[in-house]
Amino acid sequence: MLSGEVFLAGGVMAVLAVGMSYVLGWANKAFHVEVDPRVEKAEDILPGANCGGCGYVGCREYAEAVVLEAESVTKCTVGGGSVAAQLGELLGVEVEEAWPYRAVVHCGATTTDRLQQHEYRGEPTCSAANLVTGIQGCIYGCLGMGDCVRACSYDAIHVIDGVALIDYDACTGCGACARICPRNIISMVPFKAEQMMVVSCSNKDTGKDVTAVCKVGCIGCNACARVNDLIQIEDGLAGIDYDQYQPETADFSAALDKCPRESLVLVGKPSEKDLAAVADQDLPDRIEADFKTTVDDTEWRG
Amino acid sequence: MEYLGSLILIALGAALINNFVLYYFVGICPFLGVSRRVDMAFGMGCAVTFVISIAAFLSWVFTTFILRPGAPLSNWIWSLVNPGSDTVVDLSILNYLVYIFVIASSVQFVEMYVRKFHPPLYKSFGIFLPLITTNCAILFACLEIMKHVSGVPPAQMWDLGRALTLAIFGGIGFTLAIVLMAGMREELDLCDVPKALRGAGITLIVAGILAMAFMGFTGMDQSLSGLLTG
């Protein structure tokens with residue numbers, strides 16, 4: 001009698017399987033949605049990091065926008081020029097030269113450069129510290145609590161001496177740090193060369209107010225703008241016109257000489273010359289951990 | 001009135017007192033995975049409620065007519081093959097297989113249907129559908145329904161209304177739990193969590209505390225059933 005039930009059970013499963021496959025097969029045809037095959041190809045070209053650097057939720061959404069809505073092919077910051085070229089080839093559009101965007105911190109003041117600092121004992125995050133006035137004199141500058149460090153998926157940004165520094169070997173230009181910074185001092189700059197000239201200050205106040213709060217901030221003195229056409233002073237702050245910036249021809253030496261505040265800095269991957277300059281300095285074989293808690297060192301850290 | 005009372009009891013039991021996530025700890029994977037933002041969590045909750053209702057309907061139909069001991073359809077086939085036999089056919093051993101099979105394919109079907117005819121709906125919660133095909137919360141609802149259909153005296157057997165009530169309110173309870181969790185995790189982003197607990201650690205602790213809060217409902221069903229049935 002048992003074998004009869006086994007056959008019945010098997011029969012039920014077989015009927016179910018056949019019936020369901022028929023229904024699903026029919027539905028697959030009846031409910032078929034035409035998807036542009038180029039969307040899938042474009043998605044394959046994209047790096048698949050889903051970082052959101054292009055402004056879309058993920059690579060799939062950007063691929064759809066590129067194919068269906070004629071979105072610009074140069075928005076993928078992680079993929080850079082090669083991805084843009086491949087996307088352009090796929091869609092048959094001319095690609096203007098795409099520059100990789102990299103994050104730039106527009107503040108160069110280390111802990112010792114900042115004035116009017118006060119002790120802060122709240123949440124050690126920039127977003128919380130930004131709500132409190134009077135932590136430091138400069139209301140534009142880096143707070144140094146490292147929200148951007150935590151936002152970075154590539155370990156490309158670190159707080160060193162109280163100011164965020166970017167490791168351009170690791171930065172992919174996804175823009176996560178620029179979005180999280182509560183003071184908006186990180187911007188995405190098109191890196192037309194390995195090293196770019198940037199203004200490492202965000203303070204828009206007049207020169208007198210800047211000198212009151214910072215030892216290195218831009219005072220808007222116009223000295224650099226007089227000797228270099230690429231620099232304009234706007235709202236008391238120097239700015240570089242990256243549309244006109246040509247790394248081969250741009251010569252900032254005069255402006256660098258003139259700047260009394262060292263607000264113009266060259267950032268980017270270290271060149272061979274820079275590496276050679278520090279080559280004779282010995283790196284420690286092993287870095288010993290410094291077991292000092294923040295409680296031992298309660299001086300202001302921001 | 002008594003029927004309505006039993007429905008209310010089942011509904012409250014599934015949504016609050018014996019919440020699927022926080023009492024039985026089923027459906028933990030979407031509960032932890034998609035509770036990062038409230039709007040995503042709500043979408044996930046809606047998708048689970050939707051799928052769980054379909055699954056409950058199908059599993060009730062299959063259990064009642066094919067799988068339970070003495071189910072009409074399987075016994076009819078049996079009597080066709082073996083005329084005069086008095087064996088009561090019991091296919092309840094197929095429960096798990098049939099549930100997983102039926103739910104997975106019906107969710108596939110619904111996904112295709114929604115994608116074709118309701119693209120905005122597909123965009124908003126279609127991406128969750130493949131994630132929850134036969135997840136444990138849904139299978140749990142089916143097994144809970146099976147417990148009240150298969151092998152119980154006919155007088156106590158659940159009808160389709162009771163089965164659907166359990167499923168829909170179980171889904172609402174899941175939505176409630178996951179949205180509460182997402183709200184807390186959004187707040188948690190602003191907190192200074194000890195380094196060792198960041199990520200999964202603190203999430204599980206918060207889930208445990210939330211579950212403890214829901215323990216306050218325990219035993220309410222006893223007094224409620226007394227109230228409702230007199």
Check your understanding: Could you say which residue among B:GLY126, B:GLY171, B:GLY161 is modelled with pLDDT of 90 or more and within 30 Å of A:VAL33 (Cα to Cα)?
Key -> B:GLY171
Revision key, fill the gap. Exactly one of B:SER92, B:SER106, B:SER150 is closer than 15 Å to B:SER59 by Cβ, touching an Asp or Glu at 6+ places or on another chain (Cβ under 9 Å) and hydroxyl-bearing (Ser, Thr, Tyr), and that one is B:SER150
Check your understanding: Here are some residues: A:CYS201, A:CYS177, A:CYS224, A:CYS171. Which one is surrounded by 22 or more Cβ atoms within 10 Å (Cβ to Cβ), touching a residue at least 60 places away in the same chain (Cβ under 8 Å) and farther than 22 Å from A:ILE139 by Cβ?
Key -> A:CYS171
Point to revise | Flag for A:TYR62 being crowded, with 16+ Cβ neighbours inside 10 Å, modelled with pLDDT of 85 or more and either out of contact with any strand residue (DSSP E or B) (no Cβ under 6 Å at 6 or more places or on another chain) or within 13 Å of chain B (Cβ to nearest Cβ) (or both) | key: yes
Check your understanding: Considering only the stretch A:197-209, how many residues are closer than 15 Å to A:GLY239 by Cβ and of a type in the set (Val, Ile, Thr)?
Key -> 2
Review point. Which of (1) surrounded by 18 or more Cβ atoms within 10 Å (Cβ to Cβ); (2) within 14 Å of chain B (Cβ to nearest Cβ) is the odd one out, the single condition A:GLY141 does not satisfy?
Key: (2)
Check your understanding: Which condition number does A:GLY108 fail, the rest of (1) touching a residue at least 12 places away in the same chain (Cβ under 8 Å); (2) crowded, with 16+ Cβ neighbours inside 10 Å; (3) not assigned by TED's automatic domain parsing to the domain that holds A:ASP167 being met?
Key -> (3)
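Quick grid of which residues meet (1) more than 11 Å from chain A (Cβ to nearest Cβ); (2) open to solvent by less than 70 Å² (accessible area, probe 1.4 Å); (3) not aromatic (Phe, Trp, Tyr):
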| site | (1), (2), (3) |
| --- | --- |
| B:GLY70 | yes, yes, yes |
| B:SER74 | no, yes, yes |
| B:VAL88 | no, no, yes |
| B:PHE101 | no, yes, no |
| B:PHE117 | no, no, no |
| B:PRO120 | yes, no, yes |
| B:PRO130 | yes, yes, yes |
Revision key, fill the gap. So, first residue at positive phi in the stretch B:145-164, second residue in a loop (DSSP other than H, G, I, E, B), Cβ within less than 7 Å, six or more apart or across chains; the pairs are B:GLY151/B:ARG68; B:GLY151/B:PRO69
Review point. Is it the case that some residue within the stretch A:8-18 is more than 10 Å from chain B (Cβ to nearest Cβ), within 21 Å of A:LYS75 (Cβ to Cβ), of a type outside the set (D, E, K, R) and in a helix (DSSP H, G or I)?
Key: no
Review point. What are the pairs, 6+ residues apart or on separate chains, where a residue within the stretch A:45-71 that is at negative phi has its Cβ under 6 Å from a residue that is surrounded by fewer than 17 Cβ atoms within 10 Å (Cβ to Cβ) and part of a loop (DSSP other than H, G, I, E, B)?
Key: A:GLY58/A:ASN50; A:CYS59/A:GLY48; A:CYS59/A:ASN50; A:VAL67/A:ASP36
Point to revise | The one condition in (1) among the aliphatic types (A, V, I, L, M); (2) touching a residue at least 60 places away in the same chain (Cβ under 8 Å); (3) not in a helix (DSSP H, G or I) that B:VAL88 fails to fulfil | key: (2)
Review point. Does B:PHE169 satisfy being in a helix (DSSP H, G or I), open to solvent by 60 Å² or more (accessible area, probe 1.4 Å) and within 14 Å of chain A (Cβ to nearest Cβ)?
Key: no
Point to revise | Candidate set: the stretch B:17-60, residues that are aliphatic (A, V, I, L, M) and outside any helix (DSSP H, G or I); chosen: the one surrounded by the most Cβ atoms within 10 Å (Cβ to Cβ) | key: B:VAL21
Point to revise | Search result, residues across the stretch B:145-160 that are open to solvent by 30 Å² or more (accessible area, probe 1.4 Å) and assigned to a helix (DSSP H, G or I) | key: B:MET146, B:LYS147, B:HIS148, B:PRO154, B:ALA155, B:GLN156, B:LEU160
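Looking at A:ILE219, A:ILE186, A:ILE160, which is the one that is surrounded by fewer than 16 Cβ atoms within 10 Å (Cβ to Cβ) and of a type in the set (A, V, I, L, M)?
On the way: A:ILE219 fails: surrounded by fewer than 16 Cβ atoms within 10 Å (Cβ to Cβ); A:ILE186 fails: surrounded by fewer than 16 Cβ atoms within 10 Å (Cβ to Cβ).
Checking each option against the conditions leaves just A:ILE160.
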Review point. Among the numbered criteria (1) farther than 30 Å from A:ASP161 by Cβ; (2) within 14 Å of chain B (Cβ to nearest Cβ); (3) of a type in the set (Lys, Arg), which single criterion is violated by A:LYS75?
Key: (2)
Review point. Regarding B:SER106, is this residue at the interface with chain A (Cβ under 9 Å from one of its Cβ atoms), part of a helix (DSSP H, G or I) and without any contact (Cβ under 8 Å) to a residue 40 or more places away in the chain?
Key: no
Exercise for review: Please determine, by comparing only the residues of the stretch A:30-59 that are at the interface with another protein chain (Cβ under 10 Å from one of its Cβ atoms) and not β-branched (Val, Ile, Thr), which one is least open to solvent (accessible area, probe 1.4 Å).
Suggested key: A:PHE31
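The values are calculated or read from the model by the stated rules, or taken from the named source; none is laboratory data. Quantities reported herein were computed from a predicted structural model and do not represent experimental measurements. Ideal geometry is used to build each Cβ from the backbone, glycine not excepted, and the neighbour counts take in all protein chains shown. We work out accessible area using only protein heavy atoms, side chains counted, and drop any ligands, DNA or RNA first. Shrake-Rupley method; radii C 1.70, N 1.55, O 1.52, S 1.80 Å.
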